[in-house]
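This report concerns only the one structure given below.
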Ligand code: PLP
């Protein structure tokens, strides 16, 4: 019956320190968000104790009557949220969802097309060391050098030349919407499956602020913790005809017992994502990203050599192009970290610097929108970022002024106040 603090003060101290880090800094990693207390309550519940291999009504363990209720609710809610015919809510993560979706429809050795990792794709879309690159014959497609947008002509040429069994559309670092209809047309031309990985923009789709891939794709995978704002995890949506194969690829194909506590938390997140408040939050997310792009396109930033990839954003993130800047990605990430803003450096397409250093920054607005930021606050953050990236040398006096501005914003939007009391 001992509390975490009593039983394991080392872990409790690290958790407390992480809470304070989240509260006192500005989180702008594009793939992160703050799960609401109700989501964390579900995830921290007794459901963590339950084995439930199988699916609702067809389990390999007794005592599943309550977790069946939970999993059915999660499935029904996510189907309704995205208008999908079938859903599997068991994948432990986005990578697991992609592994299972591919295993359901492909054989090892089959050819797939995916966006090159160096051009914004995800590891699971065919990176050499990933399961996807090891199991399948990967043909990467790219963005166009002139406008940094996905080169659909190349996608079509590669599809015609290589006759892939699957085309993967989706990204981890790309600031524009995809042309799902064009991907569908090309997939149909060569008889390929179309898998859309909407992990990054699922929250925008749920809110109706981004085109939905569901009417176009055979399979849609997503994570639940990015713009969707739920617990860490994955989901596979599909047409009914693939549901059986996909269920079997998840369990027993890829996983054992499902994490029913996480599935409960996913169900809560889907309920929230259907609300008007959620839609309003996604609107602020988009407005914030546009404000950030606008500020980073101003003259003082251009003169420093930094610019915005594709000249703007249609989604929840901005990619800063530092190829002509004195600062590399690592230095820019470190500077922002030193004043309390967390982002990640990112390779940009055609990056002359090595991946560990890179020439880009990926900056996202979902977490701060969840915290309550509106466009006014995002303009202030954008100005802080612009000044940090353009300063000749960020001396201590200047860093202290910028850090003060960050602290004021963080203090104006308290995060998890209830948890502060509990860990005090
Ligand atoms: N798909 C895309 C497009 C992603 O960006 C990510 C995560 O960054 C994933 C899948 C994998 O998700 P996870 O980290 O939950 O395995």
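Some notes on this structure:
- Filtered residue count, segment 223-253, keeping only those that are within 12 Å of the ligand (Cβ to nearest atom) and over 25 Å from residue 59 (Cα atoms): 5
- Looking at 139, 70, just one residue is more than 19 Å from residue 203 (Cα to Cα) and assigned to a strand (DSSP E or B), and that residue is 139.
- When segment 78-98 is filtered for residues that are within 9 Å of the ligand (Cβ to nearest atom) and crowded, with 24+ Cβ neighbours inside 10 Å, the ones remaining, listed by number, are 91, 94, 97, 98.
- Selection count, segment 211-222, where residues are more than 11 Å from the chain's Cα centre (by Cα) and either surrounded by 24 or more Cβ atoms within 10 Å (Cβ to Cβ) or within 14 Å of the ligand (Cβ to nearest atom) (or both): 5
- In segment 223-261, the residue that is surrounded by the fewest Cβ atoms within 10 Å (Cβ to Cβ) out of those that are in contact with a helix residue (DSSP H, G or I) (Cβ under 6 Å, 6 or more places away or on another chain) and farther than 27 Å from residue 314 by Cα is 253.
- Some residue of segment 111-120 being touching a strand residue (DSSP E or B) at 6+ places or on another chain (Cβ under 6 Å), outside any strand (DSSP E or B), within 16 Å of the ligand (Cβ to nearest atom) and at pLDDT 95 or above: yes
- One residue from 84, 95 being over 18 Å from residue 262 (Cβ atoms) and touching a residue at least 24 places away in the same chain (Cβ under 8 Å): 84
- Only residues that are assigned to a helix (DSSP H, G or I) and either without any contact (Cβ under 8 Å) to a residue 24 or more places away in the chain or within 18 Å of residue 86 (Cα to Cα) (or both) were counted across segment 254-263, and they come to 1.
- Some residue of segment 126-135 being assigned to a helix (DSSP H, G or I), within 16 Å of the ligand (Cβ to nearest atom) and either free of Cβ contacts under 8 Å to residues at least 24 places away in the same chain or under 18 Å from the mean Cα position of the chain (by Cα) (or both): yes
- Looking across segment 373-403 at every residue that is within 24 Å of residue 173 (Cα to Cα) and outside any helix (DSSP H, G or I), the one that is nearest to the chain's Cα centre (by Cα) is identified as 373.
Let's see how each residue does on (1) in contact with a helix residue (DSSP H, G or I) (Cβ under 8 Å, 6 or more places away or on another chain); (2) under 13 Å from residue 295 (Cβ atoms); (3) in contact (Cβ under 8 Å) with a residue 40 or more places away in the chain:
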site: 384; (1), (2), (3): yes, yes, yes
site: 392; (1), (2), (3): no, no, no
site: 399; (1), (2), (3): yes, no, yes
site: 413; (1), (2), (3): yes, no, yes
site: 417; (1), (2), (3): no, no, no
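- Answer residue from segment 199-210, given it is within 20 Å of residue 125 (Cβ to Cβ), touching a helix residue (DSSP H, G or I) at 6+ places or on another chain (Cβ under 6 Å) and assigned to a loop (DSSP other than H, G, I, E, B) and is nearest to the ligand (Cβ to nearest atom) among those: 199
- The set of residues in segment 321-357 being within 17 Å of residue 304 (Cα to Cα), free of Cβ contacts under 8 Å to residues at least 24 places away in the same chain and not in a loop (DSSP other than H, G, I, E, B) consists of 331 alone.
- Tallying residues that are in contact (Cβ under 8 Å) with a residue 60 or more places away in the chain and over 17 Å from the mean Cα position of the chain (by Cα) within segment 267-278 yields 5.
- Annotation for segment 394-405: no member residue is surrounded by 14 or more Cβ atoms within 10 Å (Cβ to Cβ), closer than 18 Å to residue 34 by Cβ and at pLDDT 95 or above.
- Of everything in segment 170-181 that is assigned to a loop (DSSP other than H, G, I, E, B) and away from the ligand (no atom under 13 Å from the Cβ), the residue that is farthest from the chain's Cα centre (by Cα) is 179.
- Single match in 101, 87 (criterion: in a helix (DSSP H, G or I) and under 26 Å from residue 123 (Cα atoms)): 101
- Qualifying residue in segment 182-190 (condition: crowded, with 18+ Cβ neighbours inside 10 Å, more than 14 Å from the ligand (Cβ to nearest atom), part of a loop (DSSP other than H, G, I, E, B) and over 13 Å from the mean Cα position of the chain (by Cα)): no
- The condition (being surrounded by 12 or more Cβ atoms within 10 Å (Cβ to Cβ) and within 30 Å of residue 253 (Cα to Cα)) is satisfied by just one residue among 75, 15, 46: 75.
- Flag if residue 303 is farther than 24 Å from residue 178 by Cβ and within 20 Å of the chain's Cα centre (by Cα): no
The values are calculated or read from the model by the stated rules, or taken from the named source; none is laboratory data. Computed from a predicted structure; not experimentally measured. Here Cβ is always computed from backbone atoms with ideal geometry, including for glycine, and neighbour counts include all displayed protein chains.
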